[in-house]
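Chemist: The structure that follows is given in the form of structure tokens.
The values are calculated or read from the model by the stated rules, or taken from the named source; none is laboratory data. Quick caveat: nothing in here was measured; it's all calculated off a predicted structure. Every residue, glycine among them, receives a Cβ derived from its backbone with ideal geometry; neighbour counts consider all protein chains shown.
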Amino acid sequence: MSKLFGSSPAKTGGSVDTLIGRQTEILGDVRFAGGLHIDGKIKGKVDSSGDKNSSLSVSESGCIEGDVRVPNIVLNGQVVGDVHAAGKITLAARARVVGNVYYRILEMEGGAAVNGQLVHETGDGHATPALQNSGDDNTDELREARRLKGL
């Protein structure tokens, strides 16, 4: 089955139970268990229904317009919305995220882009933005990060 989708199970995080094809557009939320591969477009939330072993892979032709909550994600397409990965997220070279990325383990290839915050979440429920104070108080990014954090 992995040859059909052009990637190995090791890259997608597991087997693919559901495929959304390139010519398919779904309007509405998607809940799934197991493995989901997206070559098409979803306009709605994508949620793995509490299955801690679920995985999502989005090819470079895939697009999601809505929040994503899946433990394991391999993204090479586009997401417009916040992404929550309780396990591991891999942002491949053509990945584009317009929104915040909440992660435990992050792998990011050169060329991937996130227009939002990278927020590391620990197992105890705490989250820390990846942007930290480097001692230079004059950058717009640091001022904006402090404003958002209430500092």
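Chemist: Consider Gly62 carefully, then state whether it is out of contact with any Lys or Arg (no Cβ under 8 Å at 6 or more places or on another chain), small (Gly, Ala, Ser) and at pLDDT 95 or above.
Modeler: no
Chemist: Right, here's the next one. Please report, ordered by residue number, the strands (runs of 3 or more DSSP E) entirely within region 8-87 with at least 2 residues that are in contact with a strand residue (DSSP E or B) (Cβ under 8 Å, 6 or more places away or on another chain) and of a type outside the set (Val, Ile, Thr). Reasoning before the result, please.
Modeler: Working: elements: 18-20, 25-27, 35-38, 41-43, 55-58, 63-65, 72-75, 78-80.
Those strands (runs of 3 or more DSSP E) span 25-27, 35-38, 41-43, 55-58, 63-65, 72-75.
Chemist: Tally up the residues in region 65-76 that are over 17 Å from His120 (Cα atoms), over 8 Å from the mean Cα position of the chain (by Cα) and crowded, with 21+ Cβ neighbours inside 10 Å, please.
Modeler: The total comes to 1.
Chemist: Which ones in region 88-125 are free of Cβ contacts under 8 Å to residues at least 24 places away in the same chain and among the acidic types (Asp, Glu)?
Modeler: Glu107, Glu109, Asp124
Matching residues to (1) surrounded by 16 or more Cβ atoms within 10 Å (Cβ to Cβ); (2) more than 11 Å from the chain's Cα centre (by Cα); (3) not β-branched (Val, Ile, Thr):
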position	(1), (2), (3)
Val80	no, no, no
His84	yes, no, yes
Lys88	yes, no, yes
Arg94	yes, yes, yes
Val97	yes, no, no
Val101	yes, no, no
Glu109	no, yes, yes
Asn115	no, yes, yes
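Chemist: Sticking with this structure for a sec: When you scan region 121-129, do you find a residue that is closer than 18 Å to Asp67 by Cα, modelled with pLDDT under 95 and surrounded by 14 or more Cβ atoms within 10 Å (Cβ to Cβ), even just one?
Modeler: yes
Chemist: Return yes or no: is Leu56 touching a residue at least 12 places away in the same chain (Cβ under 8 Å), farther than 15 Å from Leu118 by Cβ and surrounded by 24 or more Cβ atoms within 10 Å (Cβ to Cβ)? Quick ask: steps written out before the conclusion?
Modeler: Details: touching a residue at least 12 places away in the same chain (Cβ under 8 Å): yes; farther than 15 Å from Leu118 by Cβ: yes; surrounded by 24 or more Cβ atoms within 10 Å (Cβ to Cβ): yes.
Yes; evaluated as a whole, the condition is true for this residue.
Chemist: Something else about it: Taking the condition of a type in the set (S, T, N, Q), closer than 23 Å to Asp51 by Cβ and out of contact with any helix residue (DSSP H, G or I) (no Cβ under 8 Å at 6 or more places or on another chain), does Asn100 pass?
Modeler: On the way: of a type in the set (S, T, N, Q): yes; closer than 23 Å to Asp51 by Cβ: yes; out of contact with any helix residue (DSSP H, G or I) (no Cβ under 8 Å at 6 or more places or on another chain): yes.
Yes: the conditions hold for Asn100.
Chemist: Quick check on Ser57: is it at pLDDT 95 or above and over 13 Å from the mean Cα position of the chain (by Cα)?
Modeler: no
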